[in-house]
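Novice: Please find one structure pasted underneath; my questions will follow.
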Amino acid sequence: MKRRLHRALLAGLALILLGAAAVLVWSGAYNVSAVTQHWSPVFKLMEYAMRQSVHRHAQQIVTPALDAPDMATAGARHYERFCVQCHGAPGRAPDTAALSMQPVPGPLSAAARKWQLRELYWIVSNGIKMTGMPAWQAHLSEQERWEVVAYLRTMPGQLPAVQTVPTDAQPIPAQGDIERGRTALTQYACQSCHRIPGVVGAPIDVGPALDSMGSLAYISGTLVNTPENLARWIRHPKRYKPNGAMPELGVRPADAADMSAYLRWADRNTR
Ligand code: HEC
Ligand code: HEC
């Protein structure tokens, strides 16, 4: 008797949840805009589901020897043709189209530490549903996909020498808008390299966490930290650190001022 009641309760609860989900979908209330960020628990759940799925599906793959010296070199060529437009490369930004994708492709400089080699091979071969990560098994042979993995293992490697140091002729607005700044940070993929307070993203440390930009004395150890200089750095990091790993992202002056305002505000207000 008790057991039956239990089951009925569970079934009822499941129905209510299903109903709520149906209403949410039907009403159109969940915003599919790639400008608004996922709610943090939703983001974490999706990341977790992706990891678990890759772990499981890559289990049977046997990793061949990847040490032959020309393997990584060949992989670097495939990477240049097929990956750099979305993932960028050390010191180099992705193409504009990839900056505002959600989820953001992000740098792969730590990928070989985060994933097993066979998991990287699986990801490259199969892609990832609902993210924009394409499958490459129809376009790269098995050998070529392992070459890509051999290259990923050597990343980040050397930063390329910078040919031209950018100038910053355009004036930067003196006042930035905090709320617009928070959105702009995600539209230029800043969270793909930095942990940023108040911005949802994977726990990644390609660049330093941007949680003390209101109090830090020097930006990147070189530039006195004022609101204007912070915006200048965001627009043209290569001007101040030509061989640094932070790429030029084509940030417009007004967006840089907004991001600067947000980062300084976030230091004091999001703990
Ligand atoms: C059209 C854009 C696009 C191209 C081209 C692309 N990727 Fe991706 N990739 C993505 C997106 C989007 C994700 C998902 C990021 C996420 O969920 O965090 C992703 C995820 C990945 C991941 C998992 C990253 C992680 O650690 O979370 C790896 C590894 C990867 N891609 C490798 C590659 C390689 C190697 C190539 C070239 C053969 C490539 N990608 C080409 C968009 C792209
Ligand atoms: C591909 C990775 C990458 C991306 C994308 C990126 N950064 Fe960086 N950033 C770095 C690295 C690496 C450093 C450290 C540079 C150094 O000190 O030479 C850095 C440094 C910084 C600093 C100085 C931090 C400090 O502690 O001194 C700020 C501020 C900053 N980035 C803001 C941004 C903003 C805003 C964006 C988006 C417009 C952005 N970054 C995008 C990699 C990145």
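The values are calculated or read from the model by the stated rules, or taken from the named source; none is laboratory data. Keep in mind the model is a prediction, meaning the values are calculated, not measured. Cβ: placed from backbone, ideal geometry, glycine included. Neighbour counts: every protein chain shown.
Novice: Which condition number does Gln163 fail, the rest of (1) surrounded by fewer than 16 Cβ atoms within 10 Å (Cβ to Cβ); (2) within 16 Å of ligand 1 (Cβ to nearest atom) being met?
Specialist: Gln163 satisfies every listed condition except (2).
Novice: Working carefully through the options Met259, Met246, find the one that is in a loop (DSSP other than H, G, I, E, B), buried (at least 16 other Cβ atoms within 10 Å of the Cβ) and on the phi < 0 side of the Ramachandran plot. So that I can check it myself, show each step before the final result.
Specialist: Values: Met259 fails: in a loop (DSSP other than H, G, I, E, B).
Met246 is the lone residue from the list that is in a loop (DSSP other than H, G, I, E, B), buried (at least 16 other Cβ atoms within 10 Å of the Cβ) and on the phi < 0 side of the Ramachandran plot.
Novice: Of these, Gly132, Gly91, which one is away from ligand 2 (no atom under 16 Å from the Cβ) and on the phi > 0 side of the Ramachandran plot? It would help to see each step written out before you state the result.
Specialist: Working: Gly91 fails: away from ligand 2 (no atom under 16 Å from the Cβ).
The conditions single out Gly132.
Novice: So Ile196 clears everything in (1) assigned by TED's automatic domain parsing to the domain that holds Pro105; (2) β-branched (Val, Ile, Thr); (3) not in a helix (DSSP H, G or I) except one condition, right? Which one?
Specialist: (1)
Novice: Can you tell me which of (1) more than 16 Å from Ala184 (Cβ to Cβ); (2) surrounded by 15 or more Cβ atoms within 10 Å (Cβ to Cβ) is the one Leu210 doesn't meet?
Specialist: Condition not satisfied by Leu210: (1).
Novice: Can you name the number of the only condition in (1) more than 15 Å from ligand 2 (Cβ to nearest atom); (2) touching a residue at least 40 places away in the same chain (Cβ under 8 Å); (3) outside any loop (DSSP other than H, G, I, E, B) that Arg182 fails?
Specialist: (1)
Novice: Criterion first (of a type in the set (Ser, Thr, Tyr), surrounded by 16 or more Cβ atoms within 10 Å (Cβ to Cβ), touching a helix residue (DSSP H, G or I) at 6+ places or on another chain (Cβ under 8 Å) and farther than 25 Å from Ala97 by Cβ) does Tyr151 satisfy it? Spell out how you get there, then give the answer.
Specialist: Details: of a type in the set (Ser, Thr, Tyr): yes; surrounded by 16 or more Cβ atoms within 10 Å (Cβ to Cβ): yes; touching a helix residue (DSSP H, G or I) at 6+ places or on another chain (Cβ under 8 Å): yes; farther than 25 Å from Ala97 by Cβ: no.
No: the conditions fail for Tyr151.
Novice: Looking only at the stretch 116-133, count how many residues are in contact with a Phe, Trp or Tyr (Cβ under 9 Å, 6 or more places away or on another chain) and within 20 Å of Phe43 (Cα to Cα).
Specialist: The qualifying residues number 2.
Novice: Here's another thing I want to ask about it. For the stretch 96-154, name all the residues that are aromatic (Phe, Trp, Tyr) and either in contact (Cβ under 8 Å) with a residue 60 or more places away in the chain or out of contact with any Gly (no Cβ under 8 Å at 6 or more places or on another chain) (or both).
Specialist: Result: Trp115, Tyr121, Trp122, Trp146, Tyr151.
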